[in-house]
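What follows is a single structure, written as structure tokens, with notes after it.
Every number here is computed from the coordinates shown, using simple stated rules; none is lab data. Predicted model, so just to flag it, every value in this text is computed and none were measured. Using ideal geometry, Cβ is built from the backbone for each residue, glycine included, and neighbour counts are taken over all protein chains shown.
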Amino acid sequence: MGIVTPGFRGRRSEEAAELPPGQYLTSDFPVLSAGPTPQVDLDTWTFTVTTEGYEQTTWTWEDLLALPQEHPTVDLHCVTRWSKLGTTWTGVSLDVLLEDVETAADFVLVHSYGGYTTNLPLEDLLDGQAWIVHELEGDPLPSAHGGPARLLVPHLYLWKSAKWVSGLDLLTEDEPGFWEQLGYHEYGDPWREQRYSGD
Amino acid sequence: MRLSWYPATLVERRAETPTVATLVLRVPGWPGHLPGQHVDVRLTAEDGYSTQRSYSLAAPDHGAVLEITVQALGDGEVSPFLVEGLVVGDPVELRGPVGGWFVWSPVSVAGLVDRVLLVAGGSGVVPLMAMVRARHEAGSTVPMRLVYSVRTPADVIYADELDRLAKEDDGLEVLLVHTREAPPGSGRPAGRLSADELATLAWPPADDVRAYVCGPTAFVDAAAAGLVRAGYHDAAIRTERFGGE
Ligand SMILES: Cc1cc2nc3c(=O)[nH]c(=O)nc-3n(C[C@H](O)[C@H](O)[C@H](O)COP(=O)(O)OP(=O)(O)OC[C@H]3O[C@@H](n4cnc5c(N)ncnc54)[C@H](O)[C@@H]3O)c2cc1C
């Protein structure tokens, strides 16, 4: 237990038990990003997977919408400490997008319009754990929340769910992304409270 | 390198406005920080319940003495307690410094960024004040312009110090924008900072200008979008969002 601050009682919520350590519940949807919101045009939008052998597969917006769509309902945990429960998204599972991609890579560096990157193990994108999503609660994804399309990896802190996603590099060696180079945790499991490097 | 929790003791409280206070904390062993970085504050109740929030550091690195400036949000769990409940001598825990992106210091960027535009909404002025103070302490003449949006004249955090530094420090400009109530004699009626107005208050976009925008999320989104519309490159704008709607 930490050092007790006299007089502090705090506000306990019923839901606190369901939340990862150090998180609190919000009904808003706050925004965390390092810069302004990039405007991405659907006519020129693409999503590209590049393997370790530089083989590329590219989907246009039409291609993405033509793939089987899923509607995951998931909890979100942001490293700035808010959690939001039960958000519903529409998008394409990474299992579908990576199905025909030949790779021996273990790691992924995710790229976004605007230059953002984040890294994670490839296995965290597979087996129904991750999606490229383009709708939130049935509406087109607002640009402030990563529209037209973002990665959604809800079992990791939200900075791993790159907004304005433009592609994935499949890598045989791990490469730190934007926040990971700035001292945030390389994996980011909210249940193990992996906020900062070394946690 | 793991960021560890440090025991901290409140040594002084300064009222800044009716709802904002600066807390001066002694933190033995503090490793130092850059202007713009923040700390995580952890409060623990007697029964073991604890909660954490982030607060920007208001002053440049002065060894084991840190300053944070907190705005009490009416129904908030933590901020009203910090502003009104914490007593000099009381302990809290701190972790940091956190954040390596929203930083500026007069040393690290010499020659790279020649002019610094700071855009603050409300308590978003806190990490920007650390930059203003760092510039002052270093005797730097890097042109720095603070565009600071506040509700009323009584809500200006660091009002006297900003006034004085703007007069004394070469190349520092402070432009206040009042959204609810303008001071008597002000040429500008109270109202929100629009994108067009921000474009006139900011320097025209140029390679040597970097902008730091901080405040409630909605303010930061609007201001950053305004700068982009005015021609600023995404890469020239760094943002810190405090939360809220
Ligand atoms: C990197 C970072 C730096 C920060 N630096 C500072 C700082 O220097 N000074 C400071 O006062 N705050 C700062 N904040 C905000 C701070 O962390 C808390 O969110 C804030 O004090 C509210 O906490 P609370 O427990 O009082 O309110 P909560 O109980 O968490 O929330 C109460 C209500 O207030 C709303 N709310 C939460 N945050 C805000 C906000 N910023 N503006 C408006 N409404 C809000 C919530 O949506 C909720 O409805 C910073 C936040 C971040 C992420």
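Hey, could you get me the Stokes-Einstein D for the range B:119-181, Kirkwood radius over alpha-carbon pairs, 20 °C and 1.002 mPa s, rounded to whole µm² s⁻¹?
Working: Rh = 11.8 Å.
Reported coefficient: 182 µm²/s.
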Next item on the list: Give the value in nm², to one decimal: projected area of the alpha carbon convex hull of the range A:118-199, averaged over all directions.
Entry: 5.9 nm²
Check: Once the dipole of chain B is set up with Lys and Arg at +1 and Asp and Glu at -1 on Cβ about the Cα centre, which of B:PRO31, B:GLY171, B:SER4 lies farthest towards its positive end?
Finding: B:GLY171
Next item on the list: Report the semi-axes of the equivalent ellipsoid for chain B in whole Å, largest first, where each axis is √(5λ) for an eigenvalue λ of the Cα gyration tensor.
Entry: 29, 21, 17
Margin query: Please list log₁₀ I(q)/I(0) at q = 0.23 Å⁻¹ for the range B:5-98, using the Debye equation with identical point scatterers on the alpha-carbon positions.
Written below: -1.28
Notebook entry, point to check: If the viscosity is 0.692 mPa s and the temperature 37 °C, what translational diffusion coefficient in µm²/s does Stokes-Einstein give for the protein assembly as shown when Rh comes from Kirkwood over Cα pairs?
Noted result: 142 µm²/s
Next item on the list: For chain A, divide the Cα radius of gyration by the Kirkwood radius and give the resulting Rg/Rh value with two decimals.
Entry: 0.99
Check: So how do B:157-165, B:18-26 stack up, highest first, on mean other-Cβ count within 10 Å?
Finding: B:18-26, B:157-165
Checklist line | Distant-in-sequence amide H partners of A:GLU186 (H built 1.01 Å from N, under 5 Å) | finding: A:GLY198
